[in-house]
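The values are calculated or read from the model by the stated rules, or taken from the named source; none is laboratory data. Worth saying up front: this structure is predicted, and the values here are computed from it rather than measured. Glycine gets a Cβ as well: all are built from the backbone with ideal geometry, and neighbour counts include every protein chain shown. All accessible areas refer to the heavy atoms of the entire protein, side chains included, with ligands and DNA or RNA removed. Shrake-Rupley method; radii C 1.70, N 1.55, O 1.52, S 1.80 Å.
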Amino acid sequence: MKPNKLKMQKQIFQSVFVGVAVLLLPLLRPHLFNPLGNAMPSLFSEWKAPKARYPALLEAVSKSRLLEGEPSDLWETLPNQGWQPCTERLTSSKPPGKTQGYLQVFLEGGLNQQRMGICDAVAVAKILNATLVVPHFDMNPVWRDSSSFADIFDVDHFIQTLKDDVTIVKDLPREFRWSTREYYATGIRDTRVKTAPVHAPANWFLENVLPVLKSYGIVAIAPFSHRLAFDNIPVEIQRLRCKVNFQALTFIPYIRSLGDVLVSRLRSHSHSIQRAGQRNFQAEPNGDAYAGSGKFVVLHLRFDKDMAAHSACNFGGGRAEQLALAKYRQVLWQGRVLNSQFSDEELRSQGKCPLTPEEIGLLLAALGFNNKTRLYLASHKVYGGEARISILRQLFPLMEDKKSLAKEEELAQLEGKASVSAAVDYYVSTQSDIFISASPGNMHNALMAQRSYDYHKKTIRPHMILLGQLFLNRTIEWSDFQQSIRMGHKQRQGQLRIRKEKQSIYTYPAPDCMCQVS
């Protein structure tokens, strides 16, 4: 064979080998591509970071920050609006009587949905005069999280705080040990109630659950999420739910101590350093690196892959991303996503699209936060990873999260425990000067209630319809955008709102959990 032909074949072989290696590298060494590889139903479809969707607004932000200072009232706490926690009123007037039997509940969803379920479970146990078994957390199907009640909440404090209201036990007695989650997963069982409607009245449990409890001495309700109504509930039951939510449910010492460490580091103007792929915390002795007053904002980005897929919106990743999300949507929900019937413009104008990191960054900038604002990112996993949040990081270079603030050994107990990790973020969020969630959801609602109940601190609620319409206007000037944002959010900063009919007690704690001050 001629030398030239051999050389050509060798070059072709090398090219093919390199091409195959490039294709296989993400599969063989996925860590090299994290966090960009977090969303990967198809290999290359979601790698390329979307370009900035609002370059004109971003350019205007850069220029305006050189000229403008923060608004004078940006960090001010909310005035006391005449309401305060009424702790003494939450004491039960009826101690638990002779038990009718044992009540088990199996809770699904994330941390905040489970928290609401716990409060409702205690209330239902009181209605039935039953002994409550510490609620069981089902495996989270999205995050594959196996966190248990005891991994997150202080069980002994929970039982002790409620001992005058409801009898609670950690485990079933021996004669009922057969009543496990696995037992109820294998077939139809007489002791399991599956038919509890959403937001059922108290009488429903007396009529449908109590007979089972009396017959067998035990009853399990699954699923148990949003099962107890918010209206026409006896006052003592309503107050008991408040007591559970705001007094009985405290995080375990590890979560609270780690949260306190993170808050301290956020307020100390210290910074994180990344070396050799590992982040180590290092303090600034004099704090000169950061001009500011030690205040910080918690941002719950809430932009995971499920959120993006379920919304059926366009997030700027092009045709490849839209196809990948459509495929993911079909696998998870088999076409049961009604939003997919509408165009992106229709969804945005109705406020149905989650805010991207770029959009929430523009919202924060329009509200007056500048590039010296300390931002704490409370999110489990961002769809698209670091590439998706790069613009947000450019706008707010002092953005931190657990991994940038804490050492690896401090985070060891969070490994594989998404709900424990969320609990740390929740705790830090209660301590922040301002909390904002990029989209409505359980965490925003729970924190709005907690911060209203305890602190009267700002909790900004994005005006999704206004934002959707503003972002659809591709020719809007920065000054008009900024003015619309500030006007539209004046009354959306956590001002106390009285709960209306059908609204959640876990979002609006007044008047059920709070008392007016003369």
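Residue-wise HN-Hα couplings along the range 76-81, as the Karplus relation 6.51 cos²θ - 1.76 cosθ + 1.60 with θ = phi - 60° gives them from phi, are 5, 6, 6, x, 5, 9 Hz; Gly and Pro carry x.
The charge dipole of the range 102-237, taken about its Cα centre with unit charges on the Cβ of Lys, Arg, Asp and Glu (plus for the first two, minus for the last two), comes to roughly 380 debye. With 0.36 nm allotted per residue and the present C-alpha distance subtracted, the E386-E70 stretch has 111.0 nm of extension available. Within the range 333-458, the proportion of Cα pairs with more than 25 Å between them is 34 percent. Considering only alpha-carbon pairs that sit under 8 angstrom and 6 or more positions apart, the relative contact order computed for the range 291-374 is 45 percent. In a fully extended conformation the segment linking Q394 and R174 would gain 73.3 nm over its present Cα-Cα distance, using 0.36 nm per residue.
Given a Förster radius of 35 Å and the C-beta distance between R319 and R486 as r, what FRET efficiency does 1/(1 + (r/R0)^6) yield to the nearest 0.05?
0.45
Given K243/K402; K126/K214; K194/K214; K295/K458; K94/K194, which pairs have Cα atoms separated by over 19 Å? Table pairs above 19 Å Cα-Cα are K243/K402; K94/K194.
At a 1.4 Å probe radius, carbon and sulfur cover how many percent of the accessible area of the range 291-352? Whole-percent figure for carbon plus sulfur exposure: 50.
Percent of accessible area on the range 88-222 owned by carbon and sulfur, 1.4 Å probe?
Working: 3200 of 6390 Å².
Solvent-exposed carbon and sulfur of the range 88-222 make up 50 percent of the total.
Here the 3J(HN,Hα) profile of the range 189-206, calculated from phi with Karplus coefficients 6.51, -1.76 and 1.60 at θ = phi - 60°, is 10, 5, 8, 9, 10, 9, 9, 4, x, 5, 6, 6, x, 4, 4, 4, 5, 5 Hz, Gly and Pro shown as x.
Using a 1.4 angstrom probe on heavy atoms only, work out the carbon and sulfur share of the accessible area of the range 466-518 in %.
Answer for the range 466-518 is 45 percent, counting heavy atoms of protein chains only.
Rounded to the nearest 0.05, what FRET efficiency is calculated for S264 and R474 with R0 set to 51 Å and r the Cβ-Cβ distance? Computed FRET efficiency for S264 and R474: 0.75.
Remark: spin-label model distance K163-E501 equals 4.2 nm, labels positioned 7 Å along the Cα→Cβ axis. Rolling a 1.4 Å probe over the protein heavy atoms gives the range 386-476 an accessible area of 35 Å² per residue. With Cα atoms as the point set, the range 167-277 shows a radius of gyration and Dmax of 21.3, 63 Å. Per-residue extension of 0.36 nm, minus the Cα-Cα distance of L411 and V331, leaves a gain of 25.5 nm for this segment.
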